[in-house]
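Working notes, structure below.
The values are calculated or read from the model by the stated rules, or taken from the named source; none is laboratory data. Because the structure is predicted, anything quoted here is derived from the model rather than measured. Here the Cβ positions follow ideal geometry from the backbone for every residue, glycine too, while neighbour counts run over all protein chains shown.
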Amino acid sequence: MIGKGLVAPWIELVRSLGQSYLDLLAAEWAEVKRELALSGRRVLWAAAFFGAAAAIGFWLVALMIFLLVAIFHVWLSWWASAAIVTGLVLLEIAVLGWLGYSRLRKVENPVAVVGRRYQDHLDWWDGRVLAGEGRREPAGAAAPREDLP
């Protein structure tokens with residue numbers, strides 16, 4: 001018969017293993033949420049740039065064309081003034097659209113974020129926990145914490 005003094009440390013070890021696993025899952029979930037929030041902010045910035053380009057393109061084009069054509073008409077003919085102003089407005093819209101597009105390209109697909117985090121977790125588990133100290137750490141893995149047993 002096994003005494004209570006021998007079983008208690010094992011029970012505590014099993015409980016601490018379960019708690020460590022839950023802590024690991026919570027940390028991974030927090031990191032996934034952080035990365036998704038970053039992607040969300042990038043989408044919002046891209047939408048803001050597209051919105052600014054659309055507002056300028058829709059609401060202010062008529063006023064800008066009239067004002068600038070009238071100013072250029074002092075020195076040039078009507079058709080030359082209109083051509084120069086149209087080119088300037090198109091250039092402004094293109095720059096704002098390009099800024100929005102460049103921000104949008106930095107957004108990572110949420111499915112890819114979760115898949116990458118899951119794969120990182122599996123690589124860590126395979127390389128560190130299952131294989132022991134003899135295997136190399138996966139690429140991009142964080143340095144091992146000193147406070148862990």
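Residue-wise test of (1) in a helix (DSSP H, G or I); (2) touching a Lys or Arg at 6+ places or on another chain (Cβ under 6 Å); (3) touching a residue at least 12 places away in the same chain (Cβ under 8 Å); (4) among the basic types (K, R).
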{"position": "Q19", "(1), (2), (3), (4)": "yes, no, no, no"}
{"position": "K33", "(1), (2), (3), (4)": "yes, no, no, yes"}
{"position": "A37", "(1), (2), (3), (4)": "yes, no, no, no"}
{"position": "R41", "(1), (2), (3), (4)": "yes, no, no, yes"}
{"position": "L76", "(1), (2), (3), (4)": "no, no, no, no"}
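L63 fulfils the conditions (1) surrounded by 10 or more Cβ atoms within 10 Å (Cβ to Cβ); (2) farther than 30 Å from H121 by Cα except for a single criterion, (1). Of all residues in the stretch 104-121, none that is farther than 14 Å from L38 by Cα has its Cβ atom under 6 Å from the Cβ atom of a residue that is part of a helix (DSSP H, G or I) and among the polar types (S, T, N, Q), 6 or more apart or on another chain. Could you please let me know if F49 is under 30 Å from E108 (Cα atoms) and assigned to a helix (DSSP H, G or I)? Judged against the criteria, F49 is a match. Scanning the stretch 115-145 for residues being at pLDDT 55 or above, over 16 Å from L24 (Cβ atoms) and assigned to a helix (DSSP H, G or I) gives a total of 3. All conditions but one from (1) over 30 Å from L24 (Cα atoms); (2) assigned to a loop (DSSP other than H, G, I, E, B); (3) not acidic (D, E) apply to L91; the one that does not is (2). Consider V107 carefully, then state whether it is within 30 Å of W125 (Cβ to Cβ), in contact with a Lys or Arg (Cβ under 8 Å, 6 or more places away or on another chain) and either polar (S, T, N, Q) or at pLDDT below 85 (or both). Yes: the conditions hold for V107. Look at (1) within 19 Å of the chain's Cα centre (by Cα); (2) closer than 30 Å to Y21 by Cα and you find that V107 fails only one, number (2). Checking the stretch 76-93 against the condition returns no match, with no residue being exposed (fewer than 13 other Cβ atoms within 10 Å of the Cβ), under 14 Å from the mean Cα position of the chain (by Cα) and of a type outside the set (S, T, N, Q).
If you scan the stretch 41-58, which residues turn out to be among the small types (G, A, S) and at pLDDT 85 or above?
The answer is A46, A47, A48, G51, A52, A53, A54, A55.
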